[in-house]
1. Being within 14 Å of chain A (Cβ to nearest Cβ) and either open to solvent by 40 Å² or more (accessible area, probe 1.4 Å) or away from DNA strand D (no atom under 16 Å from the Cβ) (or both) is the filter here, so list the residues in the stretch B:41-58 that pass it.
2. Out of all the residues in the stretch B:93-110, is one or more surrounded by 18 or more Cβ atoms within 10 Å (Cβ to Cβ) and away from DNA strand C (no atom under 15 Å from the Cβ)?
3. Which condition number does A:ARG70 fail, the rest of (1) more than 19 Å from B:ASN9 (Cβ to Cβ); (2) touching a helix residue (DSSP H, G or I) at 6+ places or on another chain (Cβ under 6 Å); (3) modelled with pLDDT of 95 or more; (4) not in a strand (DSSP E or B) being met?
4. Going through the stretch A:23-38 one residue at a time, which ones are assigned to a helix (DSSP H, G or I) and open to solvent by 40 Å² or more (accessible area, probe 1.4 Å)?
5. Of the conditions (1) small (Gly, Ala, Ser); (2) closer than 23 Å to B:ALA88 by Cβ; (3) within 14 Å of DNA strand D (Cβ to nearest atom), A:SER28 satisfies every one except a single condition; which number is it?
6. Going through the stretch A:59-71 one residue at a time, which ones are more than 13 Å from DNA strand D (Cβ to nearest atom) and in contact with a Leu (Cβ under 9 Å, 6 or more places away or on another chain)?
7. Return yes when A:ASP7 is acidic (Asp, Glu), within 11 Å of DNA strand D (Cβ to nearest atom) and at pLDDT 95 or above and no when it is not.
8. If we scan the stretch A:58-67, do we find a residue that is more than 15 Å from DNA strand C (Cβ to nearest atom) and of a type in the set (Val, Ile, Thr)?
There are 2 protein chains.
Amino acid sequence: MLNQQADLNRLFNALADPARRAMVERLSRGPAPVSELARPLPMSLPAVMQHLDVLEAAGLVRSEKVGRVRTCAIDPAALSQAEQWINARRIEWQGRLDRLGEYLKTLESEGGDDGSSH
Amino acid sequence: MLNQQADLNRLFNALADPARRAMVERLSRGPAPVSELARPLPMSLPAVMQHLDVLEAAGLVRSEKVGRVRTCAIDPAALSQAEQWINARRIEWQGRLDRLGEYLKTLESEGGDDGSSH
DNA sequence: ATGATAGTTAGGTAAATGCTTAACCAACAG
DNA sequence: CTGTTGGTTAAGCATTTACCTAACTATCAT
């Protein structure tokens, strides 16, 4: 899917803000109402709402309103998407370094040359 | 360190752009000069340079200029910092869900009640 | 019904982002 | 020396972002 890209945009972008990360950190320890997410943050409630919108659009958080309180919770699936992208990159460069290491080792054992030829 | 926060800001922010991710993906497969990073991207060279600046500021990429060509390579350490943050969150909510599961299990085994009490 | 609590909407603003073009510099090739 | 390649700097511009305040709605308690 080409929208994988858009997903990652929203995801990483959501995580790029300290207030939003703080919210995710709080929610990682359990669900919470909006006002509790807002309390430690040095900004107005409407500002927190906007951050919450970003988090929901990124799929990191879902929320439901019952009575007059909206309770928020993390959605673990989204985070693991980001993790997967990072992981894929690690595999790539690690594989490359491994192959490079192998290559250097074969050079080493293939005769007494110190490799400084040119 | 409080600057851990600033680091994560720069890191996730750097990864939030598709052009920058494309550059990182390319570099995961091996070093490349600026112009090669630029070639597949639908934008001007100066624009690519700015993205490169962002990636370097985030510590994701380092580069060195020899002659007139600047060669870029990923710096694996930075990526794993992002990974660690994500991982820490996973541990938290997973631990919580595990404890919740345990709790539900004790409720279940503690008598023939189906749990729908009140 | 009155008032407090929890959240939402609307509208505005200052700063940051992601580009652009044009001009420029340094290295190397002929 | 001249032109070309690879990169860089500068300046400008449209859009987005991250806030704010003020006003408003809906629930719940008394």
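The values are calculated or read from the model by the stated rules, or taken from the named source; none is laboratory data. All values derive from a computational prediction rather than experimental measurement. So basically every Cβ, Gly included, is an ideal-geometry build from the backbone, and we count neighbours across all protein chains shown. Keep in mind that these areas ignore ligands, DNA and RNA; they rest on the heavy atoms of the full protein, side chains included. Shrake-Rupley method; radii C 1.70, N 1.55, O 1.52, S 1.80 Å.
1. Listed by number, the residues that qualify are B:PRO42, B:VAL54, B:ALA57.
2. Within the stretch B:93-110 (the criterion being surrounded by 18 or more Cβ atoms within 10 Å (Cβ to Cβ) and away from DNA strand C (no atom under 15 Å from the Cβ)), the answer is yes, since at least one residue qualifies.
3. (4)
4. A:GLU25, A:ARG26, A:SER35, A:GLU36
5. That leaves (3) as the condition not met.
6. A:GLY59, A:LEU60, A:VAL61, A:SER63
7. On the way: acidic (Asp, Glu): yes; within 11 Å of DNA strand D (Cβ to nearest atom): no; at pLDDT 95 or above: yes.
No: the conditions fail for A:ASP7.
8. no
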